[in-house]
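K.L.:
The structure is given below, and queries will be raised subsequently.
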Amino acid sequence: MNDLQRFWKTIHKSLTVCLLMSAIWVFGFLSLPAQAGLVSTIGQQKNISPERLAAVLACLPKQLSQPNLDRAVEEMGNDFLERVFQLDADPEMTSAEAEFSECLNGKGYETRAQQFRKGN
């Protein structure tokens, strides 16, 4: 009798886990179209023209396009949160950032940081 109870408990636990996993899986798939819509909406809001994208790619310095954690930590220093939350009205830029900004301004575009500072 004890073995039979253990068997049914094991079956009960297995079915419960399968049911929960199936529910998570189904609800995960149901949310995918909503996420896809959100991503396309964000892309439309940014309104990035092909000309601006070409200017950004042309102006991007080599050192900014290569991942380097040591350089990033060294350049950000302690003002990382001020930059992220834009608490500083005019943060100190590195030479690569200044070069990128000047090149982009020369092509008639502003960096996103400049646009945010203006309130756009």
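The values are calculated or read from the model by the stated rules, or taken from the named source; none is laboratory data. None of these values were measured; they are calculated from a predicted model. Surface accessibility is based on the protein's heavy atoms, side chains included, excluding ligands, DNA and RNA. Shrake-Rupley method; radii C 1.70, N 1.55, O 1.52, S 1.80 Å.
K.L.:
Can you sort Phe116, Phe100 by solvent-accessible area, 1.4 Å probe, largest first?
P.N.:
If we order Phe116, Phe100 from most to least accessible, we get Phe116, Phe100.
K.L.:
Next up: Just to verify a number: what accessible area does Arg6 come out at with the full protein assembly present, 1.4 Å probe, Å² rounded to tens?
P.N.:
Surface accessible to solvent at Arg6 totals approximately 140 Å².
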